[in-house]
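Q: One structure coming up, written as structure tokens, with questions to follow.
Readers should treat all values here as calculations from the given coordinates under stated rules, not as data from a laboratory. Keep in mind that this is a model prediction, so the values were computed, not measured. Counting neighbours? That spans all protein chains shown, and the Cβs are built from the backbone with ideal geometry, glycine included.
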């Protein structure tokens with residue numbers, strides 16, 4: 001196992017010495033560093049002391065997370081207060097540990113075992129990521145400004161286009177607790193549900209997960225589960241229009257949050273609220289991109305007004321074509337696989353832009369797999 005680099009952020013020298021000893025006792029080679037390497041590489045692990053000044057510690061965590069999405073950040077506090085744990089996770093910490101000053105108690109031993117386990121997991125993840133040099137899985141979450149905004153239509157067609165254009169392993173997840181329509185839009189009837197997974201958690205490995213997945217002819221897999229193993233290159237999530245606990249966790253982990261809205265007052269009002277909610281959650285508002293769906297020449301709210309109201313530019317616009325979309329929905333065949341309509345070409349253009357592929361580029365012949373978990 002390759003050596004890890006670790007940094008300790010604290011003004012307490014005694015604390016830094018104790019954490020250094022704890023890091024070196026993990027059974028994993030660890031080198032203590034002061035910051036980035038000469039080549040500019042970030043440490044593998046950063047332990048942040050938030051005992052004395054929580055606000056300063058949270059700011060440090062946010063800076064670290066903004067600088068690197070891969071570094072494992074461990075927050076250490078004086079006690080395991082729920083609000084403090086939540087704040088640290090929102091700031092970008094991966095792990096949280098209560099610190100009792102190193103006194104040899106049962107609680108201290110439990111904390112040390114948990115700490116050692118977290119370091120070993122970090123080393124395992126880094127080794128797995130370095131093996132073969134695979135690119136990380138990319139997750140796109142589609143969040144609707146309101147019910148009926150077209151979120152499922154956009155998510156499904158984006159997923160189909162990703163699978164078609166890249167020929168890489170792609171899965172779409174229906175996060176709506178009830179009345180999810182992803183399978184309906186694809187003309188697929190899943191053989192299993194999330195209840196099958198819950199009742200068989202002891203069997204939830206790669207082979208069992210494959211049994212829970214329904215296959216679409218485009219190459220897109222469909223899954224209505226909240227937990228995935230790291231099997232795919234692209235994960236597309238239909239998050240619905242309500243930010244519940246599960247959707248919030250998805251937004252934390254998503255590389256991009258596409259907010260799907262329509263050019264009408266109720267949609268824009270709700271989109272404003274969702275933007276504010278994402279900021280409150282600390283999910284990273286810089287990852288939010290606005291998709292304007294059902295645009296037409298007759299809209300009363302101009303795109304510039306929408307951008308001003310939301311504080312974001314419109315990333316992409318999909319035209320209003322009720323007849324074409326309805327026909328595709330009723331037939332269970334995605335737009336990308338049915339015709340050469342303007343809206344179908346827009347999904348093609350949008351997805352090509354998403355993967356950095358020009359209009360003339362051909363789909364990649366190689367199909368690769370990585371693993372990704374959503375919790």
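Q: At 0.36 nm per residue, and after removing the present C-alpha to C-alpha distance, how many nm does the segment from residue 181 to residue 255 gain when stretched out fully?
A: 24.3 nm
Q: Using Cβ contacts closer than 10 Å as the measure, can you line up 290, 242, 33 from fewest to most?
A: Values: 290 23, 242 14, 33 18.
Ascending Cβ contact count within 10 Å gives the list 242, 33, 290.
Q: Once you have a ≥ b ≥ c as the square roots of the Cα gyration tensor eigenvalues for the stretch 57-122, tell me rounded if a/c is under 1.5, and otherwise prolate or oblate according to whether a/b is larger than b/c. Walk me through the numbers before you get to the answer.
A: Values: a/c = 2.60, a/b = 1.53, b/c = 1.70.
Verdict is oblate for the stretch 57-122.
Q: Sort the stretch 307-361 into rounded, prolate or oblate with this rule: let a ≥ b ≥ c be the square roots of the eigenvalues of the Cα gyration tensor; rounded if a/c is under 1.5, and if a/c is not under 1.5, prolate when a/b is larger than b/c, oblate otherwise. Walk me through the numbers before you get to the answer.
A: Numbers: a/c = 2.83, a/b = 1.31, b/c = 2.17.
The shape class here is oblate.
Q: With a Förster radius of 25 Å, plug the Cβ-Cβ distance of residue 297 and residue 277 into 1/(1 + (r/R0)^6) and report the FRET value to the nearest 0.05. Please list the in-between numbers first.
A: Numbers: r = 32 Å, r/R0 = 1.27.
Efficiency at R0 = 25 Å is approximately 0.20.
Q: Spin-label point model (7 Å from Cα, Cβ direction): what's the residue 345 to residue 125 distance in nm?
A: Rounded to a tenth, the inter-label distance reads 4.3 nm.
Q: Quick one: length gained pulling residue 31 to residue 246 fully straight, 0.36 nm per residue minus the C-alpha distance? Walk me through the numbers on the way to the answer.
A: Working: separation 215, 0.36 × 215 = 77.40 nm, distance 3.65 nm.
Length difference between fully extended and current span is 73.7 nm.
Q: Further question on the same structure: Please check which bits of the stretch 62-76 a label hung off residue 56 would reach, taking the label as a point 7 Å along Cα-to-C-beta and the cut-off as backbone N under 19 Å.
A: Of the residues in the stretch 62-76, 62-65, 74-76 have backbone N under 19 Å from the label point off residue 56.
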